[in-house]
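Data first, discussion second: the structure below is written as structure tokens.
The values are calculated or read from the model by the stated rules, or taken from the named source; none is laboratory data. Since we're looking at a predicted model, the values are computed, not measured. A quick note on method: Cβ atoms are made from the backbone with ideal geometry, for glycine too, and the neighbour counts reach across all protein chains shown.
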Amino acid sequence: MTDGAYLRFPSVRGDVVAFVAEDDVWLAPVSGGRAWRLTADRAPAASAQLSPDGSQVAFVSCREGAPDVHVAAVDGGPVRRLSHWASEYTKVIGWTGDGRVLAVSPAGQPFRSRTWAYALGLDGGPGERLPYGPVNAIAAGLKSDGDRRGAGQLRADVFLALLSGTLTTSEPPADSTCQPATEVPARRQRDWTGADDAVADVIAEAARDELTGLPTGLPRDIPGDPHGRHHDGLAVLITQAGERIADSLTELKGRWCTPSTDGGHGHAGYRVPAEMRRLVEYRDRRCCFPHCRRHVRRCDADHSVPYQRGGPTCPCNVSMLCRRHHRLKQTRGWRLQQLWPGVLLWIAPTGHWRITAPADRE
Ligand SMILES: [Zn+2]
Ligand SMILES: [Zn+2]
């Protein structure tokens, strides 16, 4: 098992790494030594994930003809089937805090892009559909091909953290070593951390994926384009897609908001309080326009959706812009959306667009 090209979807817990190679699920000691085959089904397997205690491994297998979620004990025993979806877009993402397998699948949905997250108990009972809404925007970032497995693993970890309400501050596993993850509580007034950068980066990349395919098949008349200006159609289309992405993330991004006294989010009033400004400065580091290097100290705190139009004074709607790009944003035809705290979609009047995330502003 020395040829890295065959090694896919590694998952590390304690001293064991699980991975898929030659269509089978394999296990190996992290400290080195012989790998052993957990399955020998002569059917494709994918996305193996070890349980938190390292005793079970969940994976997608076609051993019964169509792809479904299965689980097996690391030290042997029968392989048990947990789902009956028969969907090739099913993926095992990880495990929930209460020991169920976390999977995403578009099963039962009209479109394969409408992927939902499920928690599957090991007793084989019907899985619970998790109340996160369609998670397609994030799931789109979960492509785990061999060349990008580092990034794929990171995405999977970040996604799991989002769903389970915890963020891990460890680095993704690399070179067969793994530090235990440190959990931090998610629901409190938080600082912005490296893990938050990772989450924002995942969102940004998934949104880029989503938007990149759009110009193909652009219709002549764009619904919602109030002036019917065709030259402006692409910008309108991108704007609408950006709004869709932002809407689909509303529930999840609440973790980064400033809670308000009425149970909503945001600070009452237009002015950005000093503490909030510090958080947003720390998050953004520089002006949020692509490639602008202007330091946040010399930037304005801008409401992405203007306060007068109902945009809250909240980290989810405030970002740092230098004076020049603040003015540009207010120029006719330009659009700016904050898809996620710190992730900004800029749309030019021509329909050209660019997404910037904290990682781009190092
Ligand atoms: Zn907010
Ligand atoms: Zn700027």
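Working only within segment 311-323, note down all residues that are assigned to a loop (DSSP other than H, G, I, E, B) and under 27 Å from the mean Cα position of the chain (by Cα). The answer is GLY311, PRO312, CYS314, PRO315, CYS316, ASN317. Count of segment 33-68 residues, restricted to those that are over 15 Å from ASP23 (Cβ atoms), surrounded by 15 or more Cβ atoms within 10 Å (Cβ to Cβ), among the small types (Gly, Ala, Ser) and at pLDDT 90 or above, is 1. Please indicate, with yes or no, whether at least one residue in segment 275-285 is within 16 Å of ligand 1 (Cβ to nearest atom), exposed (fewer than 12 other Cβ atoms within 10 Å of the Cβ) and at pLDDT below 95. The answer is yes; a qualifying residue exists. Close Cβ contacts (under 7 Å, 6 or more residues apart or on different chains) running from residues in segment 261-272 that are within 20 Å of SER319 (Cβ to Cβ) to residues that are within 16 Å of ligand 2 (Cβ to nearest atom) comprise VAL272/ALA301; VAL272/VAL318. Quick one: would you say ALA235 is hydrophobic (A, V, I, L, M, F, W, C) and at pLDDT below 75? So ALA235 fails the test. In summary, CYS288 fulfils each of the numbered conditions (1) within 21 Å of LYS253 (Cα to Cα); (2) more than 15 Å from ligand 1 (Cβ to nearest atom); (3) part of a helix (DSSP H, G or I) with the single exception of condition (3). The single condition among (1) assigned to a loop (DSSP other than H, G, I, E, B); (2) within 13 Å of ligand 2 (Cβ to nearest atom); (3) in contact (Cβ under 8 Å) with a residue 24 or more places away in the chain that HIS326 does not meet is (1). Is there a residue in segment 293-305 that is surrounded by fewer than 16 Cβ atoms within 10 Å (Cβ to Cβ), of a type in the set (Lys, Arg), touching a residue at least 12 places away in the same chain (Cβ under 8 Å) and assigned to a helix (DSSP H, G or I)? Yes, because at least one residue in segment 293-305 is surrounded by fewer than 16 Cβ atoms within 10 Å (Cβ to Cβ), of a type in the set (Lys, Arg), touching a residue at least 12 places away in the same chain (Cβ under 8 Å) and assigned to a helix (DSSP H, G or I). If you go through segment 317-335 and keep only what is of a type in the set (Val, Ile, Thr) and either at pLDDT below 95 or out of contact with any helix residue (DSSP H, G or I) (no Cβ under 9 Å at 6 or more places or on another chain) (or both), you end up with just THR331.
Within segment 329-353, restricting attention to residues that are in a strand (DSSP E or B) and β-branched (Val, Ile, Thr), the residue that is farthest from ligand 1 (Cβ to nearest atom) is ILE347.
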